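This report refers to the structure that appears directly beneath it.
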Amino acid sequence: MGSCDLRVILLSAGAGLLTMGGALAVPAAIVKWRPLWRRASRWSAVVGGLACASACAIQWWGLERPPVMSLSESLFLLAPAMVLGYLFIEGLSKSREGGAPILLAAAGTALLGAVTAASQGPLLADPPPPGLDNLWLPVYAAATFLALGILGAAGLQAAAFLMVERVSPARGERAGRGALGAVCLGLPVLIWSMLAAAGWAQEVRGTLWGWSSREVWTLVLFLVLSAYVCLRHVAHWPERRSTWLLAASVVLWAAALVHAPLAGA
Amino acid sequence: MNDAAQGDRTNETSLPLPPLTGGHKPVRGRVTFPLACATAVCVALAALVLQNLWENFRPLLDEAREGTGLVPMVALCGAALVAALVVAGLLLRRIKRLLTSLRMTGAALLTLALLLTAGGLVGPQGPLALTGPAAEAKSRPRKGESRKAGGDKAAALVRVAHLEDPGSSWAVLALAGFLALGSAAGILWRRPVGGREFGFLAAHLGLLILLGGLVAGHILGQTVYARLIPGATPTAVPLRPDREPDFRLRLVRTETERRPPAVRILATRKDAEAPPRALPLDVRSRASIVWQDLGVSVVDFRESAVPEIYVEKTPGRGAVPAVKIALSGPQGSQEVVLPVGGTLNGSSAPMGLALAYEKYTEAQDAASACRREEELQPYRLTVLQPDGQPRDSVDIPAGRRCTGSQILLADVGVLLQVVRSFRAKPGSDAPLAPGEPAEDAELVLELAPTGPGAAPAAVFQVRSGGKAAEPSGKVPPELSGMKLALDTVPAQPGARLVEGPAGTFALVEIDDGAPVQSLPMSVGEEAKLARGIRFKLVESIPAALAAYRPAAGPSPRASQPAVQLEVRSTSGSSSKFWIFPGLSGPRDVGGVLFSAELLPRAPERKAAVLEVIGENGPLGEHQLVMGRPLQLQGWRLNLSELRGADRPEGSQATAALVVIRRDPGLWPAYVGMILLAIGAPWLLWTRLRRVPEMTRRGS
């Protein structure tokens, strides 16, 4: 069996498990016998995330370079990072309100990755073009997609907060804390990715910063999330208002995600 | 910080916990968020106005002098200056509060993000990139010029604010400077000491040092963009009229390393309408799979081989007539087998003689084939960069095998397929009518991208005609802006063997695409052709299976990848055969068609060997590899591009573009990066530990 099939199988299985985890997260958040639903949801997410991470490892190994040359390659990195973000949110704030949107989004990403892998055929070793081949590249790949996964989970958690906060203030508060925690976790990783990109640009172009679309959108996402942390955590903005800001940053997150691959670098 | 300190005065060294619900009661003198937003917007607007005034000061002065005179302008400027001083004085009274306010920081961050978003949307790489009238608009709109579209107005605004290049926008720089001042004020007035404040101190100090390094590099650094040409006078670094340069650079040679092509195996059922499916077979690792009850394994893979056509004298499905030909001449002798409809040309032409074999059942068709003008030499498609430098070139099979053939432009990174080929008059898109004179007709190829990720229905035309031109039609993005030249001038003599009814043969000698002479032939007979080559028809094979295999032994002409597959059925029978992607057609094995395609590969390693010449003579040679900077006497050299090194002949590049920088702010910037990389997680993750505690408190 070729490695391509294994990737597709792992991603499909991962997508299925993540969908199940997302579906189970709904009763885990609202009905009785929560421990059962919670454990089922969590373990589905864990196993699904591991399956996606294994597919990502196979992809990385097979390509002989980090999969960051195109968005279709990068989907492999994004799905496990989003799952990691959700598991962190759940562990930190005990909030499962964001489980359905985050895990379903991760499942959609994994499924899209599986379809792309199946249509593109087998993996062919393809080292990066000259200039991209240096030590900063794996650091950039790992940090960028880990940060984008966690921050994407934070944005979806914020959307979940906005939905549940009016219905149940206690649940809403947990959801808000989870979103804040995810931002606090993801923001330093985003900074690392920007620094790795700067180091890479210095090696390749001879300048640390170049105002390319990749750099601009990452910087915009960083600025908005920094503003969120400043206003929410230290300047004591009302939780609902600041969470609106975080939920709206999902658009910028998508722009940063689209421009993160290095195809045109 | 100030807002925080007002929230919790008892704990000045650590930031207070956020409230569980709502905000704080308004405190007198505190910077409110609307005020902070207004201040940030004012800072950006003031910078924007100043930048435009600065850039247009001379024309404005001239206009004022010619029109109303200087007095009104001086009065206006004076009034603006007084107003600005009053506002600045008011701001300065509360500067400490402003700079240390986190609401102010948040507002400045959001304003800066908004400006960059606008630039990112409308900038050159953005989804709403400036096109149409706004793209050509000057920074000051002309009098009477109307812009109906709101998008164009927004684009013009973005242009006025210089946001399409945020690094040159004073508004962006002013807000960044404001934020840097805020960080400095935070460090200065908060005086963070102790382990709990290390994160705050490291992150803000790192940010300041990083920004300071970037600014120092911008102001004190030097950049030389050198275009090094082989054989040209050495380039001085830096170029100074008053002082001797540090050193001179001369391009000795360029080095390129090509990557072997990638091959993908495709399979489909003969009776199925579905497109061929890519098999998960890595040809390099000699992998094996089971596909639809067939065991498929890669037996051999050659990155470059010379295809040699051969026939298996096995009648049955797919069998065709073939001939065995012996050639002898000054270069030696060679025997080849040629199936009907086949052509040996280009690198596979035996002894440099292009050969074709055709068979007709009607005598008039055979006679017509003897008179037909058709090149046997492959066409050559050359891709030229906008500056006229060749980028890539590839051979396309001539004649009947042209349509459907695949072309891999590896250096450009695109795989094309010939959709249609025909001859047309210059300037006309209509194919020549039968019988129409074809003296000045041009060859027209319709090409379309193929392979994974290819744009659907993107067909474009390329014409012969002696000069390169931009192709017409929907050109794939990889070829955008490039010129294509289609060369059809044959440089190889050839012969066409035409078999008529009742086993009669005629050998047509072809030169420059036109038949020179037609000689009747029979099996065992010999004829003399150009360059002293003797042609002998050895055998006529009525039914045979034609296929390609790599020629025995290494050859300097080897260029074609080849894959040998073995297919085993459940009944135990097996079939072993070679596939040449883009050359041989699909192979039918038990009702399943196997074929192969080439995939575009990333470009190769590129390097330039430079000779460094000091004041007292040559200092030695250095290899500058693309992506790996070279340190030289305090200068940092980066190879930006090698022009003309992508030609298939592997010839030397025509120029090397090298960026040479001396950046005194680089090491401070690295120190700032390290501090920021440590301080940011320290600052935020130490807060993270308190989140569950707050959650418990809330519940």
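Taking only region B:215-233 into account, find how many residues are assigned to a loop (DSSP other than H, G, I, E, B) and touching a residue at least 40 places away in the same chain (Cβ under 8 Å).
3
Entry remark, region A:212-228: residues being closer than 16 Å to A:Leu245 by Cα and either more than 7 Å from every other protein chain (Cβ to nearest Cβ) or of a type in the set (Lys, Arg) (or both) number 4 in total. Here is the figure for region A:83-137: residues that are within 14 Å of A:Ala55 (Cβ to Cβ) and of a type in the set (A, V, I, L, M, F, W, C) total 11. Residue check: A:Ser95 meets all listed conditions (1) in a helix (DSSP H, G or I); (2) within 30 Å of A:Ala170 (Cβ to Cβ) but one, namely (1).
Among the helices (runs of 4 or more DSSP H) lying completely within region B:27-119, list those that include at least 2 residues that are of a type in the set (S, T, N, Q).
Values: elements: B:33-55, B:57-66, B:70-93, B:95-100.
By residue number, B:33-55.
Each residue in region B:654-679 was checked for being more than 11 Å from chain A (Cβ to nearest Cβ) and in a strand (DSSP E or B), and 3 pass.
With respect to A:Pro169, determine if the residue is more than 18 Å from the chain's Cα centre (by Cα) and at the interface with chain B (Cβ under 10 Å from one of its Cβ atoms).
Working: more than 18 Å from the chain's Cα centre (by Cα): yes; at the interface with chain B (Cβ under 10 Å from one of its Cβ atoms): yes.
Judged against the criteria, A:Pro169 is a match.
Scanning region B:262-287 for residues that are within 10 Å of chain A (Cβ to nearest Cβ) and farther than 17 Å from B:Leu593 by Cα gives B:Ala262, B:Asp282, B:Val283, B:Arg284, B:Ser285, B:Ala287. Screening B:Ala79 on (1) among the hydrophobic types (A, V, I, L, M, F, W, C); (2) at pLDDT 75 or above; (3) under 17 Å from B:Leu175 (Cβ atoms) shows it passes everything except condition (3).
For the structure I just gave you, tell me whether A:Ala110 is touching a residue at least 24 places away in the same chain (Cβ under 8 Å), within 14 Å of another protein chain (Cβ to nearest Cβ), assigned to a helix (DSSP H, G or I) and buried (at least 24 other Cβ atoms within 10 Å of the Cβ).
Working: touching a residue at least 24 places away in the same chain (Cβ under 8 Å): yes; within 14 Å of another protein chain (Cβ to nearest Cβ): no; assigned to a helix (DSSP H, G or I): yes; buried (at least 24 other Cβ atoms within 10 Å of the Cβ): yes.
For A:Ala110, the condition - touching a residue at least 24 places away in the same chain (Cβ under 8 Å), within 14 Å of another protein chain (Cβ to nearest Cβ), assigned to a helix (DSSP H, G or I) and buried (at least 24 other Cβ atoms within 10 Å of the Cβ) - is not met.
On the stretch given as region B:522-576, residues that are modelled with pLDDT of 85 or more and touching a Ser or Thr at 6+ places or on another chain (Cβ under 6 Å) total 5.
Here the condition is being within 13 Å of chain A (Cβ to nearest Cβ) and either under 16 Å from B:Val160 (Cα atoms) or modelled with pLDDT under 80 (or both); of B:Leu130, B:Leu110, B:Leu114, B:Leu102, it holds for B:Leu114 alone.
Of everything in region A:230-250, what is among the hydrophobic types (A, V, I, L, M, F, W, C) and within 7 Å of chain B (Cβ to nearest Cβ)? Give them in sequence order. Break it down stepwise before answering.
Here is the first cut: in region A:230-250, the residues among the hydrophobic types (A, V, I, L, M, F, W, C) are A:230-231, A:234-235, A:237, A:244-248, A:250.
If the condition is that a residue be among the hydrophobic types (A, V, I, L, M, F, W, C) and within 7 Å of chain B (Cβ to nearest Cβ), then A:Cys230, A:Leu231, A:Val234, A:Ala235, A:Trp237 are the ones that fit.
What number of residues within region A:200-211 are of a type in the set (A, V, I, L, M, F, W, C), more than 7 Å from chain B (Cβ to nearest Cβ) and crowded, with 21+ Cβ neighbours inside 10 Å? Before you say what the answer is, go through the steps one by one.
So in region A:200-211, the residues of a type in the set (A, V, I, L, M, F, W, C) come out as A:200-201, A:204, A:208-209, A:211.
The next check asks that each one be more than 7 Å from chain B (Cβ to nearest Cβ); those that pass are A:200-201.
So of that shortlist, the ones also crowded, with 21+ Cβ neighbours inside 10 Å come out as A:200.
Qualifying residue count, region A:200-211: 1.
Among the criteria (1) at pLDDT 85 or above; (2) buried (at least 20 other Cβ atoms within 10 Å of the Cβ); (3) more than 23 Å from A:Ser193 (Cβ to Cβ), the one A:Pro80 does not fulfil is (3). Here region B:307-326 is the region considered, the condition is being in contact with a Ser or Thr (Cβ under 9 Å, 6 or more places away or on another chain) and either surrounded by fewer than 14 Cβ atoms within 10 Å (Cβ to Cβ) or at pLDDT 75 or above (or both), and the residue that is farthest from B:Leu598 (Cα to Cα) is B:Ala326. Does region A:56-66 contain any residue that is surrounded by 19 or more Cβ atoms within 10 Å (Cβ to Cβ), at pLDDT below 90 and within 16 Å of the chain's Cα centre (by Cα)? Within region A:56-66 (the criterion being surrounded by 19 or more Cβ atoms within 10 Å (Cβ to Cβ), at pLDDT below 90 and within 16 Å of the chain's Cα centre (by Cα)), the answer is yes, since at least one residue qualifies.
A quick yes/no check of all residues on (1) in contact with a strand residue (DSSP E or B) (Cβ under 6 Å, 6 or more places away or on another chain); (2) surrounded by 18 or more Cβ atoms within 10 Å (Cβ to Cβ); (3) closer than 18 Å to B:Ala236 by Cα; (4) modelled with pLDDT under 85:
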site: B:Pro600; (1), (2), (3), (4): yes, yes, no, yes
site: B:Lys606; (1), (2), (3), (4): yes, yes, no, yes
site: B:Glu615; (1), (2), (3), (4): no, no, yes, yes
site: B:Leu619; (1), (2), (3), (4): yes, no, yes, yes
site: B:His622; (1), (2), (3), (4): yes, no, yes, no
site: B:Gln631; (1), (2), (3), (4): no, no, yes, no
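Of all positions in region B:217-229, at least one carries a residue that is more than 11 Å from chain A (Cβ to nearest Cβ), within 28 Å of the chain's Cα centre (by Cα) and buried (at least 16 other Cβ atoms within 10 Å of the Cβ).
The values are calculated or read from the model by the stated rules, or taken from the named source; none is laboratory data. Quick caveat: nothing in here was measured; it's all calculated off a predicted structure. So basically every Cβ, Gly included, is an ideal-geometry build from the backbone, and we count neighbours across all protein chains shown.
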